[in-house]
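> Got a structure for you, questions after.
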Amino acid sequence: MSQTHNILLTGTSGYLGGTLLTHLHDQPKSTLPYNTLYALVRTESQALSVREYGATPLTIDLNNPTSITTSIVEHEISIIFFLIDAFLPHTQKTMISALETVRRKTGRNVHFLHTTGAKAFSSHVGIAQELSDTDELYEIQRSTNAPREYSWFSQIARTNADIIDAAEEHGVLSYIFAPCIVYGEGTGYGNKISIQDVAVVKAARAAGRVYKVDAGKPVWPVSHIHDTTTLYAQILRSILCGVEIPHGRDGFYLASSGCVAWDDIYSAFAGVLYKRGVIDDAVVEMADGEALGRMGAGLDLRNGGVAVQLGGSCHFAAVNGSRIGWRPEYPPEHILEAADQEVDLILGTLDG
Ligand SMILES: NC(=O)c1ccc[n+]([C@@H]2O[C@H](COP(=O)([O-])OP(=O)(O)OC[C@H]3O[C@@H](n4cnc5c(N)ncnc54)[C@H](OP(=O)(O)O)[C@@H]3O)[C@@H](O)[C@H]2O)c1
């Protein structure tokens with residue numbers, strides 16, 4: 001068992017990273033034998049917060065490759081969990097190159113976990129078939145193409161392949177972690193709400209009702225924030241305990257207990273939004289051009305068009321996690337049963 005790893009956790013003021021930091025803090029130290037846990041911060045108040053969770057704040061200017069390399073090498077960081085940008089690979093590649101220097105300097109194995117999203121395995125990048133995270137995904141990520149209307153979105157898949165390539169080149173063990181529709185209250189010191197189900201609420205408020213954006217009944221994997229967090233933690237625990245787990249081209253990890261139809265999420269959320277007086281009608285309808293325009297006005301379209309943010313199909317199943325001892329606690333239908341609390345959490349946060 002290695003006691004010598006220094007870890008860098010990024011995104012700790014965010015929903016996923018904040019909840020992971022809290023979770024790690026709550027675990028018996030003997031189950032997570034690391035030396036120092038650094039948390040990337042950008043403000044003094046974030047620095048104070050991470051200290052409360054037992055982490056050492058580290059400020060790195062991610063726009064400055066020299067700053068990234070110097071910090072990682074000086075602090076002999078040998079494990080990085082990246083939870084900041086699913087889309088572009090530049091920062092991650094610099095970090096991976098710095099990890100090689102740490103490996104040469106310390107003789108330790110070095111590890112890089114990149115957080116992508118289930119969208120990289122979905123119709124939004126031209127994938128229609130059913131997949132599991134143990135399939136040969138590297139080649140698919142390298143070659144799949146997004147629909148012509150938003151061809152730029154292929155980059156999310158390309159980034160995953162680029163990170164695996166960079167890690168292979170630099171002798172770094174890499175893991176591609178895919179959160180999906182994550183729900184449930186975050187327990188971190190910063191953002192406590194998620195992304196895609198929040199987009200459903202924001203779009204509904206702007207449009208006056210919940211609209212569906214796809215024909216048929218497409219499905220998407222879902223995961224409670226607790227289960228998503230425990231998969232991150234199980235990967236970290238395995239690394240710290242020196243257990244070799246699938247990595248590189250085999251190192252894709254979907255955090256999900258199963259899929260739910262978007263239509264069922266829309267209906268459950270529409271019912272609650274109607275009860276709360278936020279929308280005038282609980283019936284879900286197909287969006288026309290005008291409705292899409294109103295929905296878009298409620299969303300930040302830099303994150304992709306309306307259909308990318310709250311629709312699409314993704315037949316992606318989690319297998320790798322169970323192979324390393326991860327057991328999700330919440331079945332997929334739980335997101336529907338928890339719709340009341342989830343919508344209240346989202347409305348309270350957006351209005352607070
Ligand atoms: N939540 C989901 O359901 C979900 C699903 C699939 C994929 N993902 C992906 O997972 C990642 C984390 O998601 P999240 O929900 O935790 O997002 P979030 O709540 O918006 O948090 C983003 C985090 O990234 C940090 N960050 C952004 N730019 C930074 C920079 N230049 N330097 C340092 N820190 C920076 C933010 O710090 P500040 O607070 O200082 O801005 C914050 O801590 C994202 O890439 C997201 O696309 C999330």
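The values are calculated or read from the model by the stated rules, or taken from the named source; none is laboratory data. Here the structure is a predicted model, which is why all the values come from computation and not from measurement. Here the Cβ positions follow ideal geometry from the backbone for every residue, glycine too, while neighbour counts run over all protein chains shown. Remember, those area values only see protein heavy atoms, side chains included, never the ligands or the DNA or RNA. Shrake-Rupley method; radii C 1.70, N 1.55, O 1.52, S 1.80 Å.
> Within segment 62-83, can one find any residue that is over 19 Å from T115 (Cα atoms), of a type outside the set (S, T, N, Q), in a loop (DSSP other than H, G, I, E, B) and within 11 Å of the ligand (Cβ to nearest atom)?
Within segment 62-83, not a single residue is over 19 Å from T115 (Cα atoms), of a type outside the set (S, T, N, Q), in a loop (DSSP other than H, G, I, E, B) and within 11 Å of the ligand (Cβ to nearest atom).
> Restricting to segment 1-12, and then to whatever is away from the ligand (no atom under 13 Å from the Cβ) and open to solvent by less than 50 Å² (accessible area, probe 1.4 Å), can you tell me which residue is nearest to N191 (Cα to Cα)?
Out of the qualifying residues, it is I7.
> Being near the ligand (Cβ under 8 Å from one of its atoms) and surrounded by 13 or more Cβ atoms within 10 Å (Cβ to Cβ) narrows it down to one residue among Y34, Y53, Y15; which is it?
Y15
> Please verify whether S45 is open to solvent by 40 Å² or more (accessible area, probe 1.4 Å), in contact (Cβ under 8 Å) with a residue 40 or more places away in the chain and within 11 Å of the ligand (Cβ to nearest atom), treating the condition exactly as stated.
no
> What are the residues in segment 84-94 that are part of a loop (DSSP other than H, G, I, E, B) and within 11 Å of the ligand (Cβ to nearest atom), if any?
I84, D85, A86, F87, L88
> Something else about it: From the list I265, I239, I324, which residue is at pLDDT 95 or above, over 25 Å from G126 (Cβ atoms), crowded, with 17+ Cβ neighbours inside 10 Å and aliphatic (A, V, I, L, M)?
I239
> Further question on the same structure: Output the strands (runs of 3 or more DSSP E) that fall wholly within segment 146-233 and possess 2 or more residues being of a type in the set (F, W, Y), or say none.
173-178
> With in a helix (DSSP H, G or I) and among the small types (G, A, S) as the only criterion, which of G296, G325 stands out?
G296
> Which of the following residues is open to solvent by 10 Å² or more (accessible area, probe 1.4 Å) and within 21 Å of I239 (Cβ to Cβ): I96, I80, I72, I84?
Answer to the selection: I84.
> Something else about it: Could we say that T69 is out of contact with any Lys or Arg (no Cβ under 6 Å at 6 or more places or on another chain) and free of Cβ contacts under 8 Å to residues at least 40 places away in the same chain here?
Considered against the rule, which asks whether it is out of contact with any Lys or Arg (no Cβ under 6 Å at 6 or more places or on another chain) and free of Cβ contacts under 8 Å to residues at least 40 places away in the same chain, T69 comes out as yes.
> Tell me which residues, restricted to segment 181-224, are open to solvent by 10 Å² or more (accessible area, probe 1.4 Å) and among the hydroxyl-bearing types (S, T, Y).
T187, Y189, S194, Y211
> Same structure, new question: Kindly indicate whether T230 is away from the ligand (no atom under 11 Å from the Cβ), within 14 Å of the chain's Cα centre (by Cα) and in contact (Cβ under 8 Å) with a residue 60 or more places away in the chain.
yes
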